[in-house]
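The values are calculated or read from the model by the stated rules, or taken from the named source; none is laboratory data. It should be emphasised that the depicted structure is a prediction, and the values quoted were computed from it without experimental measurement. Reconstructed Cβ throughout: ideal geometry from the backbone, glycine too, with neighbour counts over all protein chains shown. We work out accessible area using only protein heavy atoms, side chains counted, and drop any ligands, DNA or RNA first. Shrake-Rupley method; radii C 1.70, N 1.55, O 1.52, S 1.80 Å.
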Amino acid sequence: MEADIIADLATMLLREVVNTDFMTNSRVQTISKGSRKQEKTDGGCEWYVCEGFQLILKKQAEALEALGVCSQMKDEVLYSFWRCYLQKSKQAYCNRPAGETVKALSVRESSTDVDSEPERPSLLHLLSLSESEGDLLTDCSFASSMSKVSESTSIYSGSVDGSLYLMKNQKEKLRMTMPTTLSFCYMALLWLREPITLSELLRFVVEGHIPYLNVFQHFPEKMKLCGLDLKIFCVESWPVYEEVYNKMLELAVFLDLPRFPDITDSCFLHPDMLCIKYLMEANLPDELHNWTCRVVKKIGIGEVDFLTLVPGNKSTRKVKYDILAAAVIVVVLKLLFLLDDHYEWLLSDLAEERNKNNKEGGLYFEFKKWYEVVKHSLDVEQKKLDEERAKYLWRCEKPLFYSVKNKSRVLKRRQMVVNLQNQFGKLSGSVRRAEKPNPSSFQLRWSEENTDGSCFHGHSLKGILQEKCGLLTAMNPDYWLCTVKLCNEKLCGHLAHYREEDFPQSYHFVLRLFSFLLRIQPSYIHDEVCMIEHKLFNKKLYKKLKYNTVLRK
């Protein structure tokens with residue numbers, strides 16, 4: 001089934017890409033591993049910005065394969081997306097529009113030492129892999145012209161088109177950036193329905209399992225990176241969830257992709273499946289999963305049409321699977337424990353008394369004890385994360401320079417810094433950092449084998465439930481809404497506004513726990529909580545708003 005979907009995708013994209021006028025003697029088989037160009041005087045080769053991004057995508061895809069992602073991602077899905085992007089952005093697989101090169105170039109000369117057509121209109125005549133080495137083949141005559149333009153305008157860069165890439169008119173297109181490489185990866189993972197959420201992908205990036213920060217260090221030696229290239233490939237900030245996600249949606253529309261493969265109840269990204277994972281990681285009772293499933297079914301957020309991405313469809317709200325699942329758990333906790341800084345502690349005291357007199361063996365869930373255990377672990381892990389981020393060295397091992405004149409000075413200074421660091425390290429007896437641990441889907445681990453009672457997975461909820469009409473319902477009859485009326489998400493960017501001081505501390509703690517697990521701001525989870533609440537209590541809210549309107553009249 002999945003193979004048929006991928007084949008259909010490749011066929012759809014090939015309809016646009018294949019053009020025999022400019023694909024003569026070229027064959028693309030996989031994402032390229034490098035570039036082969038004519039030699040320059042400084043020992044480097046002429047290369048284009050898109051080739052740099054292609055190498056980065058290749059490194060990221062290989063890292064994801066090492067994490068267990070299927071091999072189809074790199075050589076079939078991601079490759080098809082990238083090739084279609086190059087064509088639609090008119091960087092390859094196309095004839096460059098007439099007049100565009102004239103605007104870009106003040107000098108147009110064809111190379112005499114290269115056997116190529118003198119009047120090629122495309123920036124990259126073709127971007128493909130040779131069958132022997134898998135190198136990118138580019139228009140050398142155009143490259144030489146671009147080099148002369150760079151020199152004449154005193155704008156220095158290692159790449160041929162670095163200066164043009166940063167021009168204002170390039171912003172009109174969906175221009176590649178470092179966060180966009182992660183958008184490509186996530187889009188491919190989503191197409192294959194791989195068990196990696198966007199929050200996990202970004203966490204693997206921060207932990208160094210997926211190349212992103214200083215990834216240009218892995219460029220071939222002949223691909224000189226300097227000057228304006230640093231503004232394109234050098235990043236000094238962590239990737240942001242919203243930016244990567246929104247760029248992925250833009251890419252899907254830009255590439256004119258069809259409806260993505262269905263997210264069914266057997267897929268890892270389905271809220272019922274993700275809730276199991278997050279309940280385990282949050283050290284909450286297993287019985288809560290029955291309640292999360294009931295909420296998901298009640299409001300229809302487990303339906304295929306709701307979960308499946310349809311690019312360009314403005315009538316449907318785009319789903320952030322990990323945030324949605326976390327929000328469902330928060331709503332269930334509010335349904336059962338209220339989280340108003342009073343009722344949950346009352347229930348906890350009752351459960352504690354029952355556990356003291358309990359002779360059956362099974363323990364009742366104590367919210368207070370769970371809060372103390374999880375808060376301690378959360379504080380420790382948060383402190384460790386903050387320290388690692390504070391100590392992170394943004395500068396790469398490979399020296400960077402913005403101009404040829406400063407190259408020797410930068411290299412000498414870098415060598416001096418390295419020598420001083422080594423000397424101080426020997427004097428202080430500092431130990432080198434240990435190798436990073438293997439990547440894991442779980443950040444907080446809880447084992448039922450522990451005798452200290454720190455694992456709550458098997459604890460019972462019977463103390464807070466009552467049977468009514470053959471169904472277990474919460475003893476708590478009340479519920480407080482985070483907001484009565486939702487904001488316009490398109491105008492202010494959020495469905496509701498969140499300030500810690502406006503909400504109970506118990507509610508804030510639960511948000512803080514899941515925001516740590518997902519590495520996002522609590523306000524994003526709060527948004528999804530508000531959306532779920534309005535779906536869950538839609539009829540009651542409608543009656544209340546209608547009643548208030550009548551009173552005003």
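In this label model, H218 and V253 are separated by 3.2 nm, measuring between points 7 Å along each Cα→Cβ vector. Based on protein heavy atoms only, region 349-391 ends up with 71 Å² per residue of surface accessible to a 1.4 Å probe. Within the accessible surface of region 329-374, defined with a 1.4 Å probe on protein heavy atoms only, the carbon and sulfur portion equals 50 percent.
Compute log10 of I(q)/I(0) for region 252-357 with the Debye formula, placing one identical point scatterer on every Cα and leaving out solvent, at q = 0.24 Å⁻¹, to two decimals. Rounded to two decimals, the profile gives -1.27. Here the Karplus relation 6.51 cos²θ - 1.76 cosθ + 1.60, evaluated at θ = phi - 60°, turns the backbone of region 252-262 into coupling constants of 4, 6, 4, 7, 6, 6, x, 4, 6, x, 4 Hz, with x for every Gly and Pro. For R259, the accessible surface of its heavy atoms amounts to roughly 100 Å² (probe 1.4 Å, protein chains only, rounded to the nearest 10). In this calculation the C-beta distance from H457 to D478 is compared with R0 = 30 Å, giving a FRET efficiency of 0.60.
Each residue, Q423 and S441, gets one label point 7 Å from its Cα in the Cβ direction; the gap between the two is 5.1 nm.
Given their separation in residues at 0.36 nm each and the Cα-Cα distance between them, F509 and L486 gain 6.0 nm when the chain is fully extended.
Computed over region 197-271, the range of Cα coordinates on each principal axis works out to 48, 30, 22 Å, biggest value leading. Across region 192-201, rounded Karplus estimates of 3J(HN,Hα) from the backbone phi angles (6.51 cos²θ - 1.76 cosθ + 1.60, θ = phi - 60°) give 8, 6, 6, x, 10, 7, 5, 5, 5, 4 Hz, Gly and Pro being marked x.
Note: relative contact order over region 257-403, using C-alpha pairs below 8 Å and six or more positions apart, is 21 percent.
Beyond 24 Å in Cα-Cα separation lie the following of the pairs K59/K231; K277/K375; K74/K247; K277/K368; K74/K277; K231/K383: K74/K277; K231/K383. Averaging the Cα positions of each part gives two centres, and for region 453-469 and region 223-253 these lie 47 Å apart. These residues, Y371, Y212, go from largest to smallest accessible area, 1.4 Å probe, as Y371, Y212. The listed peptides 508-517, 282-291, ordered by packing as a protection proxy, come out as 508-517, 282-291 (highest mean of other Cβ atoms within 10 Å first). On full extension, the segment bounded by K314 and C70 gains 84.7 nm, given 0.36 nm per residue less the C-alpha separation. May I ask you to compute the full-extension gain from K359 to K468, defined as 0.36 nm times their residue separation minus their alpha-carbon distance, rounded to one decimal in nm? Length difference between fully extended and current span is 36.6 nm. Of the residues I329, L307, Y245, the one whose Cα sits farthest towards the positive end of the charge dipole of region 227-343 is L307 (charges of +1 on Lys and Arg Cβ, -1 on Asp and Glu Cβ, taken about the Cα centre). For the pair W345 and Q382, a Förster radius of 22 Å applied to the C-beta separation gives a FRET efficiency near 0.40, rounded to the nearest 0.05. Beyond a 31 Å Cα-Cα separation, which of these cross-linked pairs lie in this structure: K320/K468; K318/K462; K334/K468; K90/K391; K320/K384? Violating the 31 Å limit, Cα to Cα: K320/K468; K318/K462; K90/K391.
Using only Cα positions of region 242-311, each an equal point scatterer, no hydration layer, compute I(q)/I(0) via Debye at q = 0.11, 0.16, 0.22 Å⁻¹ and quote the log10 values to two decimals. Log10 of I(q)/I(0), two decimals: -0.36, -0.68, -0.97. For region 187-279, the dipole from Cβ point charges (+1 on Lys and Arg, -1 on Asp and Glu) about the Cα centre works out to 260 debye, to the nearest 20. Between S237 and D262, the distance separating the two model label sites (each 7 Å from Cα on the Cα→Cβ line) works out to 4.1 nm.
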